[in-house]
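Structure record follows, encoded as structure tokens.
The values are calculated or read from the model by the stated rules, or taken from the named source; none is laboratory data. These figures come from a predicted structure and were not determined experimentally. Don't worry about glycine lacking a Cβ; one is built from the backbone with ideal geometry, like all the others, and counts go over all protein chains shown. Side chains are part of the model used for accessible areas, which takes the heavy atoms of the whole protein and leaves out ligands, DNA and RNA. Shrake-Rupley method; radii C 1.70, N 1.55, O 1.52, S 1.80 Å.
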Amino acid sequence: ELGDSGGAISHATSTALLWQRHNINPDPSQVARVVCSYIDMGAQRAINEKQLIAAQAYLTLGQRVCFGHPYYRSRAAEYMRTRGDISFFDLDLEGAIHWYRAAVIMSDELIDRVRLIDTLARIAIIEIIQGNTTLAKEYLKEARRQETPQVPPREMLVIADDLMPIPDERARIGMIFLIVLLGIGALSQILKVIFGRKKR
């Protein structure tokens, strides 16, 4: 009421730590909601200032008092999204995918699906360039699974699909023909052995 939000965050943190220390599970009461709201505010400030260890600490405390409220899940997703963005700009695409996946699970916001699809498409393109088409296909399959009617078409995913090598149909047919011939040859050898024994 005095407008000291920093002091309110501090008191809320102390209360949550006290509950945690004594293994107290608070009821979803007005007190718990107030404590949760100020822990959420602390997490928001820490995320905005890129103090990610502090943000993680606030979110960990919030597990006990926020009871999985949508705004708590949204804040957790924001934290994971921020971690993903940092990994992305550090060119750690695998790390970015890990954090974006977690953000989608926590809150399933459109922005997180878009980030995950784009990053999966980028890493698929890298794998295609390096000749790892099997791995690239797996990334593209995951990206396609993230698509929903609400997700706008992703240009990066279209580019990745266009870059995926198309198998040579003639080579595929030739391989099938060769496998059939080898199978017939092996079968004839087996039949010769079987009937040759019977004649003896």
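What does the net charge come to around LEU135 if you take all other residues with beta carbon closer than 13 Å to its beta carbon, with K and R at +1 and D and E at -1? Let's see the in-between values first.
Numbers: positive: LYS137, LYS141; negative: GLU94, GLU127, GLU138, GLU142.
In short, -2.
Grab the beta carbon distance between GLU94 and ASN23, set R0 = 45 Å, and tell me the FRET efficiency rounded to 0.05. Each step should come with its number before you reach the end.
Numbers: r = 37 Å, r/R0 = 0.83.
In this case the efficiency is close to 0.75.
Return the carbon/sulfur percentage of the accessible area of region 1-104, one whole number, probe 1.4 Å, all protein chains in place. Don't skip to the answer; put the middle values down first.
Working: 3230 of 5940 Å².
Answer for region 1-104: carbon and sulfur cover 54 percent of the accessible area.
What FRET efficiency do you get for ARG33 and LYS141 if R0 is 41 Å and r is their Cβ-Cβ distance, rounded to the nearest 0.05?
Numbers: r = 42 Å, r/R0 = 1.02.
Rounded to the nearest 0.05, the efficiency is 0.45.
Say each of GLN130 and LEU163 gets a label point 7 Å from the Cα, pointing the same way as Cα to Cβ; how far apart are those two points in nm?
Roughly 1.2 nm, to one decimal.
Show me the ranking of peptides 95-101, 6-12 by mean Cβ neighbours inside 10 Å, starting with the highest.
Numbers: 95-101: 21.3, 6-12: 16.1.
So the peptides 95-101, 6-12, ranked by packing, come out 95-101, 6-12.
With an 8 Å cut-off on Cα pairs and a minimum separation of 6 or more residues, tell me the relative contact order of region 1-75 in percent.
Details: 69 pairs, mean separation 26.0, N = 75.
Once normalised by length, the contact order is 35 percent.
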